[in-house]
């Protein structure tokens, strides 16, 4: 297994597990909520936070954008104040504020230039790395202005060859999630991205994922099939234990969604860790890093006086 440097952190080999707090879209379009989640990640001891960036009219078809979808009043009003909607949405909502669509919801969840400038400032203040999964080429360019330490490619984008090539051209480490993908699709993506500075993440693409579907032994399968790659785990399950088990199985990167409250509105909230869960995850994985040792059986110094006391020979 190779070692990869992300920011000032080394990942892989015998380095500590790299812990990513996935904010994603759990900020619900509110940069102040995003900052609260960043603070939770810092206080829990994560190494990095991750967001998601999309160009809505590129990622989603017109048909998908027009589908009716309810949006909480608070989220909708916040988005209207921020001016995130295209004119066609504004015209429609001016006629009927309840006529919200799936496209409107997606616009509500996008943070803009000033928001990301504030996130950049706040992460520097809190001394935590940040980056994003970019779902289209324009979003890659948008995030690139902040000189991120790496890029994440979401499971949904694994088969987007053009996006893979575009992201690779930024010459940064890439974290690739593999949910909803066949091994043939994964091998094809690796061929495009190259094996240098690539982290491969086992992932199950349901929110939340059922324990019986997690298939954590895929981590060992990836280790055997791709021995030169750093292998990690992006978990969408409820609870802490499976992600700790993934670290015990050898995952060198663990990513989990975080939230203030799993009952909040949003598609990813239920698959997220609340502040206490985030704290327990970091605690237990760091405990594993401390107790696993090097695997070589030997007498340790602290055993010698006990051995001399208890053994006759």
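List of remarks:
- Within region 21-46, being part of a loop (DSSP other than H, G, I, E, B) and either farther than 20 Å from residue 133 by Cα or free of Cβ contacts under 8 Å to residues at least 12 places away in the same chain (or both) holds for one residue alone: 45.
- Yes/no for residue 293 being at positive phi and modelled with pLDDT under 95: yes
- Residues within region 119-140 that are out of contact with any strand residue (DSSP E or B) (no Cβ under 6 Å at 6 or more places or on another chain), more than 20 Å from residue 36 (Cα to Cα) and in a helix (DSSP H, G or I), tallied: 2
- Yes/no for residue 152 being in contact with a helix residue (DSSP H, G or I) (Cβ under 8 Å, 6 or more places away or on another chain), surrounded by 15 or more Cβ atoms within 10 Å (Cβ to Cβ), at pLDDT 95 or above and not in a helix (DSSP H, G or I): no
- Criterion applied to 214, 164 was being under 22 Å from residue 273 (Cα atoms), crowded, with 19+ Cβ neighbours inside 10 Å, in contact with a helix residue (DSSP H, G or I) (Cβ under 9 Å, 6 or more places away or on another chain) and without any contact (Cβ under 8 Å) to a residue 40 or more places away in the chain, and the one residue passing it is 214.
- Yes/no for residue 114 being under 15 Å from residue 29 (Cα atoms), modelled with pLDDT of 95 or more, surrounded by fewer than 13 Cβ atoms within 10 Å (Cβ to Cβ) and within 28 Å of the chain's Cα centre (by Cα): yes
- Complete set of residues in region 172-188 that are farther than 21 Å from residue 49 by Cβ and either in contact with a helix residue (DSSP H, G or I) (Cβ under 6 Å, 6 or more places away or on another chain) or buried (at least 22 other Cβ atoms within 10 Å of the Cβ) (or both): 178, 180
- For residue 143, the criteria (1) over 21 Å from residue 47 (Cα atoms); (2) assigned to a helix (DSSP H, G or I); (3) touching a residue at least 40 places away in the same chain (Cβ under 8 Å) hold in every case but one, which is (1).
- Subset tally (residues that are in contact with a helix residue (DSSP H, G or I) (Cβ under 6 Å, 6 or more places away or on another chain) and either at pLDDT below 95 or not in a strand (DSSP E or B) (or both)) for region 220-242: 2
- Test result for residue 159, in contact with a strand residue (DSSP E or B) (Cβ under 9 Å, 6 or more places away or on another chain) and at pLDDT 95 or above: no
- Just so you know, in region 91-118 the residues that are touching a residue at least 40 places away in the same chain (Cβ under 8 Å) and assigned to a loop (DSSP other than H, G, I, E, B) include one that is farthest from residue 143 (Cα to Cα), and it is 109.
- Residue check for residue 251: crowded, with 18+ Cβ neighbours inside 10 Å, assigned to a helix (DSSP H, G or I) and in contact with a helix residue (DSSP H, G or I) (Cβ under 8 Å, 6 or more places away or on another chain): no
- Odd one out for residue 199 among (1) touching a helix residue (DSSP H, G or I) at 6+ places or on another chain (Cβ under 9 Å); (2) surrounded by 11 or more Cβ atoms within 10 Å (Cβ to Cβ): (1)
- Count of region 263-286 residues which are assigned to a loop (DSSP other than H, G, I, E, B) and either free of Cβ contacts under 8 Å to residues at least 24 places away in the same chain or under 17 Å from the mean Cα position of the chain (by Cα) (or both): 6
- Of the criteria (1) out of contact with any strand residue (DSSP E or B) (no Cβ under 7 Å at 6 or more places or on another chain); (2) outside any helix (DSSP H, G or I); (3) in contact (Cβ under 8 Å) with a residue 24 or more places away in the chain; (4) surrounded by 15 or more Cβ atoms within 10 Å (Cβ to Cβ), which one residue 75 fails: (2)
The values are calculated or read from the model by the stated rules, or taken from the named source; none is laboratory data. Predicted model, so just to flag it, every value in this text is computed and none were measured. Methodologically, a virtual Cβ is constructed for each residue, glycine included, from the backbone with ideal geometry; neighbour enumeration extends over all protein chains shown.
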